Amino acid sequence: PRHVHSADYQVRQADAQEDHTMLTFKSFTGINNTVPSQRLMHDQESRTAELASAVNVDIGLTGEVRRRAGFSELLATCHKNLHQADGFILATVDGGDLISMDADGENRVTLYPSLGVSRVWYCNLPDGRTTFSNGLICGVTDGVMATTWGVPRPFGVGSVTEVSGDLFAGEYRYGLTHVRLADGLEGATVYSAPFQLDDGGIVLTGLPELAGHKINVYLIGQDGDHAYLAGSTTNAAFAFSGKNETLTIPCRTDNLDVAPAGTVAAFSGGRVLVASGSTLFASRPHMVESFDYLRDFKQFTSPITLIQPVDDGVYVGTTTELVFMAGSEFDKMTYRQVLAGPVVLGSGVQVPGDLIRGGQPGTAMLCIADGVICAGFNGGNLARLTEGRYQTDATEVAATFRMLPGRIPQYMAIPQ
């Protein structure tokens, strides 16, 4: 085993005969946990060595080892699922409430009570909001309040009564949508059964109300295949007795729905990509809260563990492979396997490509795949960075990338 001390670092080495020697060194050439400890390299003349592990230390660009800085407690409350959003921090506290707070742990706002103790997955959106999901419950927040991730489909259609009016006689159906008052976002449509209209007008009652939303009412005439807006209401009743020629605004949300309550999520090409089991769903272009489950999805052969965009495509990891989906348009992306082997859940992070050894300009990603740390570049070019030197059997981690003082890049992946 190796133990790292401070300042002019000392390494205690145990050989096969259990004899002990002490090596004092100033730098080391890297972690190596793939060979027996007695075979690890050390050079007493240059005072360099490699280590099987190095705990609570930071490594500099020239191999120098520094004791990792300590920490001080901000709040006594237990925090999980920490995430840096745009100008605020998200976390779950003891008891499972999702909160936002500032960098000092102050100005706390409870966004979603009793979200639970499961892992929460986040995705920062270009408008400053952040999505959250624990696999069962999902939403969107700006750090002050949380809403559903998309506008839900109405849970019923109420009932219709015929009254006098100017509509043509014939068979009709009506459709309902919820529209969020805060931003005008409209949700998916639910339709009534067909009904016969002879007197030219309708009154709807018992409509499904939703706090903070109004109801849009659409009509489909006999032999029609499109629904057109008849009007709106903020309560459970609505009446229409006008003429067919006034119905001119079509419904545009027929096949749209709320986001799936998935796990890993990322923003790419104007869409949010969300993993739900082995299916990758995409929101509509530039409509991050509207999903078309019938067309905007890609099916993989095993559960998805990573979604990491780069400049010209998206890396998708599963429990059996790492894939590069090339292209900027979701419908036209091409599939190419770049590695056969499991990708560790939660290990994907975005990094500047020129900060990786042997890298290239542009956006890149780091992950743990097939047991080693890998770098993925534009074009699906993959580098197994720690092949033959570092191996891990982790199955789930919480990963991040940060810059230490002196512009030292650091990839951290904490087993969960």
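Okay, here's what the table says:
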| quantity | calculated |
| --- | --- |
| For ALA230, distant residues with modelled amide H under 5 Å away | VAL217, TYR218, LEU219 |
| Residue-level accessible surface for LYS243, protein heavy atoms, 1.4 Å, Å² | 110 Å² |
| Accessible area, probe 1.4 Å, largest first, for residues LYS80, LYS332 | LYS332, LYS80 |
| Residue-count net charge about GLY184 - beta-carbon cut-off 13 Å; Lys, Arg +1, Asp, Glu -1 | 0 |
| Region 207-344 - accessible surface per residue (Å², probe 1.4 Å) | 44 Å² |
| Exposure of SER232 as accessible area (Å², to 10), given a probe of 1.4 Å and all protein chains | 60 Å² |
| Accessible area of region 349-416 divided out per residue, in Å², using a probe of 1.4 angstrom | 51 Å² |
| Derived scalar couplings ³J(HN,Hα) [region 299-316; Karplus, 6.51 cos²θ - 1.76 cosθ + 1.60; whole Hz; x for Gly, Pro] | 9, 10, 8, 8, x, 7, 10, 7, 9, 9, x, 10, 5, 10, x, 9, 7, 10 |
| Area accessible to solvent at GLU162, 1.4 Å probe radius, in Å² | 70 Å² |
| Most mobile of VAL314, VAL120, VAL163 in a GNM of the chain (Cα contacts under 10 Å) | VAL163 |
| GNM flexibility winner over the chain from LEU82, LEU294, LEU256 (Cα, springs under 10 Å) | LEU294 |
| Proximal aspartates and glutamates to LYS332, defined as alpha-carbon separation beneath 13 angstrom and excluding residues fewer than eight positions away on the same chain | ASP296, ASP312 |
| Region 75-172 - percent of accessible surface contributed by carbon and sulfur, probe 1.4 Å | 53 percent |
| Signed unit charges on C-beta, dipole axis of the chain, positive-most listed residue MET365, SER53, VAL157 | SER53 |
| Total formal charge among the other residues, if their Cβ is under 12 angstrom from that of GLY224, Lys/Arg +1 and Asp/Glu -1 | -2 |
| Computed Kirkwood radius, in angstrom, where 1/r is averaged over Cα pairs of the chain | 25.1 Å |
| Whole-Hz ³J(HN,Hα) from phi, Karplus 6.51 cos²θ - 1.76 cosθ + 1.60, for region 139-156, glycine and proline x | x, 9, 9, 9, x, 10, 9, 10, 10, 5, 8, x, 9, x, 5, x, 8, x |
| Whole-Hz couplings from phi, Karplus 6.51/-1.76/1.60, listed for region 81-97; x for Gly and Pro | 6, 5, 8, 8, 9, 7, x, 8, 10, 9, 6, 9, 10, 3, x, x, 6 |
| Contact order normalised by residue count of the chain, Cα under 8 Å, 6+ apart, percent | 8 percent |
| Surface per residue (accessible, 1.4 Å probe) for region 45-191, Å² | 52 Å² |
| Net charge of Cβ neighbours under 13 Å - reference GLY362; Lys, Arg +1; Asp, Glu -1 | -3 |
| Separation of alpha-carbon centers, region 347-416 and region 121-189, rounded to whole Å | 39 Å |
| Surface share of carbon and sulfur [accessible, 1.4 angstrom probe, percent] for region 301-346 | 55 percent |
| 15 Å reach of a label modelled at TYR191, 7 Å along Cα-to-Cβ, counting backbone N of region 220-259 | 220-229, 250-256 |
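The values are calculated or read from the model by the stated rules, or taken from the named source; none is laboratory data. What you see is a predicted model; the values in this text were computed from it and never measured. No Cβ is skipped: glycine too gets one built from the backbone with ideal geometry, and neighbour counts run over all protein chains shown. Heads up: the accessible areas ignore ligands, DNA and RNA and are worked out on the full protein's heavy atoms, side chains in. Shrake-Rupley method; radii C 1.70, N 1.55, O 1.52, S 1.80 Å.
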